[in-house]
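Engineer: Quick one: structure below, then a few questions.
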Amino acid sequence: MIWCVEDDNGILETELYALTSTGFAARGFADGAAAWDALQTERPELILLDVMLPGMDGVTLLRRMKESPALRGIPVIMATAKGTEYDKIQSLDLGADDYLVKPFGLMEMVSRVKAVLRRCEDKGRTVLTLGGLSMDTVAHIVTADEQRVDLTYKEFELLRLFLAHPGRAFTREELFSGVWGDNYQGETRTLDMHIKTLRQKLGGYGAHIETVRGVGYRLEGK
């Protein structure tokens, strides 16, 4: 899901159309405050963020995101007005991944989005989040509302798959292959038992792991 934060409705609609017509899911916001509120419960893959916004401007939103451990890993492309060199420098210094200078071509925008997503995938995310649920894949630490959650290795790997792909329905075979390996020959109920204990350990966040009848499991992303 790509979020576009732009107060000009005409520009916003064309951005959303360009993204959806090239295979992305996209959502628009008319101001920074609305996007900030949505970030408290949802996580996009990338945000295309205009600098000049009513109320909370793009630079302020970017700064808030980079100050938040749960949000700083979300890639951001800033859209700046032509000739505003300071906005570009300030955005990059704050941690923006790229910038576009208005007016920009829609195909250039889509190309930049794809390039940033590729770079971020190559770097590998070390912190995966869903609301107050956070996983540090390097330190191997999971917290729920800042409280440490102790997981077994298999539980950790299951949660890593879910957090890396919120909203995706995994088949049982995919989960076995991703966590136990292709050659696993054990009891098939092992997966269900691990999902059950993982849900219990995550407390209220465990309800986000949904059973998909006839398929397997998914982590509801909202």
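The values are calculated or read from the model by the stated rules, or taken from the named source; none is laboratory data. Because the structure is predicted, anything quoted here is derived from the model rather than measured. With ideal geometry, Cβ positions are generated from the backbone for all residues, glycine too; neighbour counts draw on all protein chains shown. Just the protein is used for accessible areas: all its heavy atoms, side chains included, with ligands, DNA and RNA removed. Shrake-Rupley method; radii C 1.70, N 1.55, O 1.52, S 1.80 Å.
Engineer: Could you work out the relative contact order of the chain? I mean the mean sequence separation of Cα pairs under 8 Å and 6+ apart, divided by the number of residues, in percent.
Structural biologist: 14
Engineer: Which values, in whole Å and largest first, are the semi-axes of the equivalent ellipsoid of the chain obtained as the square root of 5 times each eigenvalue of the Cα gyration tensor?
Structural biologist: So the three semi-axes of the chain are 36, 18, 15 Å.
Engineer: Taking only Cα atoms, what is the 0 to 90° angle, nearest 10, from helix 58-67's long axis to the longest principal axis of the chain?
Structural biologist: Roughly 30 degrees, rounded to the nearest 10.
Engineer: Something else: Quick one: pull the percent of accessible area on the chain belonging to carbon and sulfur, 1.4 Å probe, ligands and nucleic acids left out.
Structural biologist: Looking at the chain in its full context, I get 50 percent from C and S.
Engineer: Once fully extended, how much extra length lies between residue 52 and residue 211, figured as 0.36 nm per residue of separation less the alpha-carbon to alpha-carbon distance?
Structural biologist: Stretched out fully, the residue 52 to residue 211 stretch lengthens by 53.0 nm.
Engineer: Could you order peptides 151-160, 20-29 by the average number of other Cβ atoms within 10 Å of their residues, highest first?
Structural biologist: My ranking of the peptides, most packed first, is 151-160, 20-29.
Engineer: So if each residue of separation counts as 0.36 nm, and I subtract the Cα-Cα distance between residue 177 and residue 140, what length gain in nm does that give?
Structural biologist: My answer for the length gained is 11.3 nm.
Engineer: Using only Cα atoms, tell me the angle between helix 9-21 and the longest principal axis of the chain; keep it within 0 to 90° and round to the nearest 10.
Structural biologist: The angle comes out near 40 degrees.
Engineer: Here's a follow-up. At 1.4 Å probe radius, can you tell me the per residue accessible area of the chain in Å²?
Structural biologist: For the chain, the per-residue accessible area is 52 Å².
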